[in-house]
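A short worksheet on the structure shown next.
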Amino acid sequence: MTFISRRDLLKRATALGALPLLPAGPPFQPGRDGAAETVALHDPLEHATAAAAREPLETLTAAEADLLDAIVARLIPTDANGPGATEARAVHYIDRALGGPLASSRQAYTSGLAALDRYARASRGKAFTELAPIDQDSVLIDVETGAATGFTGSSAAFFALVLNHTHQGTFGDPYYGGNANFVGWDLIGYPGVRTMVTAGDQRALEGGQLKPNHRSAYDYETFNKATVRHGAHNAHEVRDAD
């Protein structure tokens with residue numbers, strides 16, 4: 001199961017440049033309203049406890065967020081090697097991004113998450129969040145390979161979309177809402193953003209002894225933070241702030 005292999009996944013994430021020195025897109029302001037209207041995936045009472053503990057969502061519904069969290073937990077699982085996508089708060093990153101730079105993917109999440117849950121119920125007899133991990137993996141294999149039915153287009157396209165965004169939320173700059181406490185960078189030994197590397201730092205890096213500095217690119221004064229106006233989704237609506 002290629003997407004479950006942490007070793008292969010981390011190699012792929014690094015090879016794809018999931019650890020840029022500078023973030024690739026604008027950050028997001030918390031507290032936006034106007035999330036897309038969706039059909040609940042489960043009875044709202046099932047999510048009362050989770051909702052009480054979760055900070056307010058910006059784009060996803062509570063049901064969608066619970067389902068997505070269960071999915072990303074299998075894509076980059078927590079294991080003996082360290083924390084995974086859940087601890088990195090990949091869903092928090094995706095929720096914020098869907099209200100901004102990734103807004104064009106919002107409908108894909110609405111229809112894709114609903115289709116995945118319907119497929120889990122029809123093929124495995126339970127909602128995806130209620131399945132055992134091994135059964136969740138088997139559902140995701142069907143989605144990854146395009147064998148899952150009920151999706152708009154290929155289920156494989158939806159799987160690739162979620163996997164890509166999970167990589168971003170786990171290994172990207174924490175400024176964007178994911179990679180909480182730098183767990184993604186620590187997981188693969190990324191030492192953090194640096195504006196200057198001494199010869200000693202280089203030797204330590206090559207010897208695997210360079211200690212992580214746990215700093216975002218935006219912790220440096222040389223990089224300007226970008227802010228997004230309320231409801232802004234287009235590049236021309238972004239303004240820079242010191």
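The values are calculated or read from the model by the stated rules, or taken from the named source; none is laboratory data. All values derive from a computational prediction rather than experimental measurement. In this analysis, Cβ positions are derived from the backbone assuming ideal geometry, glycine residues included, and neighbour counts consider all displayed protein chains. Heads up: the accessible areas ignore ligands, DNA and RNA and are worked out on the full protein's heavy atoms, side chains in. Shrake-Rupley method; radii C 1.70, N 1.55, O 1.52, S 1.80 Å.
Key figures for this structure:
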item: Within region 81-144: Cβ-based charge dipole about Cα centre, in debye rounded to nearest 20 (Lys, Arg +1; Asp, Glu -1); result: 260 debye
item: Taking the convex hull of Cα positions in region 59-110, its mean projected area over all directions (nm²); result: 3.5 nm²
item: Potential extension, Lys211-Thr198 segment - 0.36 nm per residue separation minus Cα distance; result: 3.3 nm
item: Radius of gyration and Dmax over the Cα atoms of region 88-146, both given in Å; result: 13.1, 36
item: Solvent-accessible area per residue, Å², over region 75-116 with all protein chains present [probe radius 1.4 Å]; result: 32 Å²
